[in-house]
1. Please identify the pairs in which a residue from the stretch 226-250 that is among the polar types (S, T, N, Q) has its Cβ atom under 7 Å from the Cβ atom of a residue that is part of a loop (DSSP other than H, G, I, E, B), counting only partners at least 6 apart or on another chain.
2. Filter the stretch 89-140 for residues that are at pLDDT below 80 and basic (Lys, Arg); which is farthest from Gly77 (Cα to Cα)?
3. Identify, by number, the condition in (1) at pLDDT below 90; (2) outside any loop (DSSP other than H, G, I, E, B); (3) of a type outside the set (A, V, I, L, M) that Phe53 doesn't meet.
4. Which number in (1) buried (at least 16 other Cβ atoms within 10 Å of the Cβ); (2) at positive phi; (3) of a type outside the set (Phe, Trp, Tyr) marks the one condition that Gly238 misses?
5. Please enumerate the residues belonging to the stretch 155-200 that are within 17 Å of Ala432 (Cα to Cα) and assigned to a helix (DSSP H, G or I).
6. Go through the residues of the stretch 10-23 one by one and say whether even a single one is surrounded by 13 or more Cβ atoms within 10 Å (Cβ to Cβ), outside the structural domain of Val486 (by the TED database), assigned to a strand (DSSP E or B) and touching a residue at least 24 places away in the same chain (Cβ under 8 Å).
7. Against the conditions (1) surrounded by 14 or more Cβ atoms within 10 Å (Cβ to Cβ); (2) not in a helix (DSSP H, G or I), where does Leu152 fall short? Just the number, please.
Amino acid sequence: MINQIDIASFGSFQGLDWKKTVRDSGKNVKSFQRLNILYGRNYSGKTTLSRIFRALETRKLPLNYVGSAFTVSGDKGAVTAASLLTHNYDVRVYNRDFVTDNLGFLANQDIGGEIKTFAIVGEQNKEIDDAITAVEAKLGSIEAKVGLRFDLEAKRKERDRTKSAYATASNGLDEKLRTHAAQKIKTNRQYGSAVYNIEHIKRDIIATKKPDFVPLTSEEQAGKLTLLKQEALSDITGTLAITLNFESLTATVEPLLSKAITPTKAVEELLKDSALQLWVKQGMGHHRGKRDTCAFCRQDLPHDIWQVLDEHFSKESGDLETALEAAITSVTNEIDAIAEHNSLTGAQFYADERTKFEASSKALSQTLAVYKKDLETLKKALETRKNNLFQPVTLTGPAYDAKEIDKHIAAINTLIVINNGKTSTLEKDKAAARDALRLADVFTFAETIAYDKELDRIAALKVDADTAGTAYFDGEKEIREAEAKVQTLRAKQKDERKGAVNRPAFRGGQLV
């Protein structure tokens, strides 16, 4: 049953608020009863009011009432001007509009009106009513919390929720990408072009997922940054060449170390004490032909001192000593030459080659240090033999690796060739360095925000949103079909072909 009616705008009615206007003598709000009588003077709005109820019956606004707004409230929910097609009230109105629509002969006798069927009596009409009731029960309502309309409201909320969740996640990720692209990469001139947006960063993230992508290490990034500052260098002239003379020196030294000699007439005390023998040998140069007394003890030198010493230090020992001194000089020169073998510096190389050169140069220095140690061992053996001419010395084998030295020399010479060719490709190399640095930045950023996991989450949210959207669309379609069915059934109720056909007839000159 209809209880109240609020009219914002309908014909002559404007701003009618039922609860404020319709009250009994006790100022209590008065609702419609089972039987209600409305009366008033002509043009007070009775017919206009009846047209609102007539609109419920016909489910459409009368002509010339476009833009009307009202709300009819009752036990089957509220009906507005916008929801006339979907209400559940059974309304019948007999007013001027009904007469005009269905009993035209009463209003237009002069032009021949007709009677339209407006009700059908019989079993078939009852079946149609039952069918309409069943469909409307299936449709239900949001207010009653049952039926398709209530289910559709739940589906609408789920659609809106999942759609919002998907949009929030997707927009949130895009905002992160957009912010990083604009604030971290676009403004960094080390990364190249000033034109960089969300589409560019998405493409770069895809590039970092390719199998051949390898993130730059901290050292590599530093090298790339150095390359960007690099100016063109002059070519390195010549190549690195090192000649090792250890084998030729050994061939000379070994016979000297192993040669056995004996004094013509040895001084036994000197043979037993090599340090004393060396001291005497060195002292001979300070006394022969210069002094008659010992510079150390001030004693007179024996008259035969030089004969005795010459017989001990024979010509053979003197020749050996001379040969040993020459060998020591040769070995010393070889040791001194080591420092001059590699005069190249890292400053002569571009950034990428510099790192490799410094590694190879360090390795070469280490292997040459072993070579130098072998030479120093050789020199020490010569000095030992020189200090004790009558005692042979055994020479140990070298520890250096000539092949290892040659390998590092070859590596450096290869770098020289590459480095000299870099001048012509420097700008291209700088562009590649910018790309590598930018991709390294993008890779780190994608890892930080868990980009892949976020994409998976967004994809799952999209599936949920699409599923909920489809469910809502299907539910909406089902309701439209049910409402169309109700309209079809109602049309059958009013189909004049289902009932008696009444036409005005003249009998005896009277309209019947």
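The values are calculated or read from the model by the stated rules, or taken from the named source; none is laboratory data. None of these values were measured; they are calculated from a predicted model. Counting neighbours? That spans all protein chains shown, and the Cβs are built from the backbone with ideal geometry, glycine included.
1. From the stretch 226-250, the pairs are Gln230/Tyr350.
2. Taking the candidates together, the pick is Lys116.
3. (1)
4. Checking Gly238 against (1) buried (at least 16 other Cβ atoms within 10 Å of the Cβ); (2) at positive phi; (3) of a type outside the set (Phe, Trp, Tyr), the one that fails is (1).
5. Answer for the stretch 155-200, where residues must be within 17 Å of Ala432 (Cα to Cα) and assigned to a helix (DSSP H, G or I): Ile185, Arg189, Gln190, Tyr191, His200.
6. Filtering the stretch 10-23 for residues surrounded by 13 or more Cβ atoms within 10 Å (Cβ to Cβ) gives 10-11, 13, 16, 18, 22.
So of that shortlist, the ones also outside the structural domain of Val486 (by the TED database) come out as 10-11, 13, 16, 18, 22.
From the residues that got through so far, the ones that are assigned to a strand (DSSP E or B) too are 10, 13, 16.
In the following step, the residues that additionally are touching a residue at least 24 places away in the same chain (Cβ under 8 Å) were identified as 10, 13.
Yes, some residue in the stretch 10-23 is surrounded by 13 or more Cβ atoms within 10 Å (Cβ to Cβ), outside the structural domain of Val486 (by the TED database), assigned to a strand (DSSP E or B) and touching a residue at least 24 places away in the same chain (Cβ under 8 Å).
7. Status for Leu152: all satisfied but (2).
Per-residue answers, yes or no, for (1) in a helix (DSSP H, G or I); (2) of a type in the set (Phe, Trp, Tyr); (3) modelled with pLDDT of 80 or more:
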{"position": "Glu220", "(1), (2), (3)": "yes, no, yes"}
{"position": "Glu231", "(1), (2), (3)": "no, no, yes"}
{"position": "Glu247", "(1), (2), (3)": "yes, no, yes"}
{"position": "Glu254", "(1), (2), (3)": "yes, no, yes"}
{"position": "Ala266", "(1), (2), (3)": "no, no, no"}
